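A quick write-up on the structure given underneath.
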Amino acid sequence: MTGRWHVLSLAAVSVMLCVGMARMAAATTDSGATIEADALGCSDVHLEDAGLLADEATAHTQVELSATQTRIGIDYAPAPADFVSQPVYREENSTSAGLTGRLDTDSDLSPLVTVGGYRGFTDYRSVWLDEFYRQLFSIVPGYVPVTPHGWNVLAGGRWTYVPGTAILQCTVVEQGDTVSPGYEPQIGLPLLRGLERLRTTSLRISTENVLSPTVRTLLEGGVTYTTDRETRFTVQGSVNWAVSETLTLRTVVGDVTEGDEFHSVSGSMSLERDWSARWFAGISVRGYRDGGEVVDPVIASSAAPALRTRELAATLRWQGARASFRIEAGPYWTRYDPVALASSQYANLYRNRDWRHVEGAVSWTF
Amino acid sequence: MALLVGVMAATLSGCAAVPVWKQGQVSKPNMVFNDHGAFTYGMRLNSQIEPGSADNGGAAAAGCTACK
């Protein structure tokens, strides 16, 4: 089943790109570029992300090319009871790229295809765990260093079921990941390695609606199947409300469930004032809570305990005739439940942290 | 979740068209949903920390690929 989707998606993207390039050669009507940069850091973890997006549009096609570079730096510190490992600073860089094509047909349906890939670690927790296992087991038979990498293919369509007012989008995503696995020692035998290759299939449905002259909504739902994991169900609702001519309130509520093992909820609100729809200044608050990934606290596990986060941000935006920019900054707090005694070697990974984040973006239309 | 699914169903079935000439407010840049650019909302890097915020179910969402 997944193989068939893969082949169909690749065939679709090939057709799409050929059609897109032919039409672009005929008449380009619009093109643009966006540069985005984010930084999030605390005393022992530093995350940076920079991306470039270029898009080209004609009367009937849209093509987007994106590239992102991510840097993860951690001050690795083993647990006090770990006499083997040493504190070390470790830095990892990852690169990802994607290509999206959309065909705007004369009907209300628009097919959509994306292909992408990445190389490198995708988050600081996997870097921390890779360093943990490297220091403990790199000279033990069975240990094999891995450079994580992956690919993804998305195919779907957009249906404008009420012209100018309501859109329904449905996509299927197939994804392959090679990850740095966990290890478990065995007496007299090579190390037992965890899963190294993961396949993921996702179905996502979203609908965007203009409910009234002052309310726009976006409702998203998704089902995700990943190798050796419970099915993940995702639901998110967003409401944008023009409170007055100059005030806008944006609200987002999300809920994620993965079998009986994981459940999270999140919510955010942003209040923004604008001056002649040119300058925009706002503040936003956000909260997140999950029940953790730990199934049995008696068994040593690198699974995360329950997590609560809070975020506060101030934002300034500007919209010109052919350019726009955004700058945003604020604090972010992460608070974990205490790590179970059996898993105390991961206490420094799952410790409470006070973060600072800064984001910026600049866009041009040519 | 059931509440959100209910709202989704109600929205899909009960949507009445708002004329384009009345959509001035909802067409402002900060009333539109964007994936990129100056008018995006929410921190992207928090998906590295919050397992439930990743928008996919693969390695990035797992975060716990080494979990036992």
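Axis of helix A:124-137 versus longest Cα principal axis of chain A: the two differ by about 20°, to the nearest ten degrees.
When each of A:143, A:118, A:183 is scored by the number of other beta-carbon atoms lying within 10 Å, the sequence from fewest to most is A:143, A:118, A:183. Inter-chain neighbour count for A:225-238: the average number of beta-carbon atoms from partner chains within 10 Å of each residue's beta-carbon is 4. Couplings 3J(HN,Hα) for the stretch A:59-69, derived from phi with the Karplus relation 6.51 cos²θ - 1.76 cosθ + 1.60 (θ = phi - 60°), are 5, 10, 9, 9, 10, 10, 10, 10, 9, 9, 10 Hz, where x marks Gly and Pro. Peptide A:51-57 has a mean of 1 when you count, residue by residue, the C-beta atoms of other protein chains within 10 Å of its C-beta. Sequence-distant contacts, meaning Cα pairs under 8 Å at least 6 residues apart, place the relative contact order of chain A at 12 percent.
For the peptide A:159-169, the mean number of other protein chain Cβ atoms found within 10 angstrom of a residue's Cβ is 3. Debye-formula intensities of the stretch A:212-326, expressed as log10 I(q)/I(0) at q = 0.17 Å⁻¹, are -0.93 (one equal scatterer per alpha-carbon, no solvent).
Whole-Hz Karplus values for the stretch A:41-57 come out as x, 9, 5, 10, 9, 10, 10, 9, 9, 10, x, 10, 10, 10, 9, 9, 9 Hz, taken residue by residue from phi with 6.51 cos²θ - 1.76 cosθ + 1.60 and θ = phi - 60°; glycine and proline positions read x. With each label modelled as a point 7 angstrom along the Cα→C-beta vector, the residue A:230-residue A:75 pair spans 3.7 nm. Taking amide hydrogens as placed 1.01 Å from N in the peptide plane, the amide H of residue A:143 sits under 5 Å from those of A:191, each at least 5 positions away in sequence or on another chain. Distance from the alpha carbon centroid of the stretch A:106-146 to that of the stretch A:250-319 works out to 23 angstrom. With the alpha-carbon atoms of the stretch A:275-366 aligned to their principal axes, the span from lowest to highest coordinate is 60, 25, 19 Å, starting with the largest. With the charge dipole of the stretch A:132-257 set up from +1 on Lys and Arg Cβ and -1 on Asp and Glu Cβ about the Cα centre, the Cα lying farthest toward the positive end among the listed residues A:257, A:243, A:156 is that of A:156.
A simple rule links phi to the HN-Hα coupling: the Karplus curve 6.51 cos²θ - 1.76 cosθ + 1.60 with θ = phi - 60°, which for the stretch A:352-366 gives 5, 9, 10, 9, 10, 10, 9, 9, x, 8, 9, 10, 10, 10, 9 Hz, with x for Gly and Pro.
Ranking A:121, A:189, A:275 by how far each Cα lies toward the positive end of the dipole of the protein assembly as shown (charges on Cβ) leaves A:275 at the top. Each principal axis of the protein assembly as shown carries a Cα extent, and these read 74, 45, 40 Å when sorted largest first.
Considering only B:26, B:39, A:80, the residue lying farthest towards the positive end of the dipole of the protein assembly as shown is B:26, judged by Cα position with unit charges set on Cβ.
Every read-out reported here was derived from the displayed coordinates using simple, explicitly stated rules and does not represent laboratory data. Model, not experiment: these values are computed from the prediction. Glycine gets a Cβ as well: all are built from the backbone with ideal geometry, and neighbour counts include every protein chain shown.
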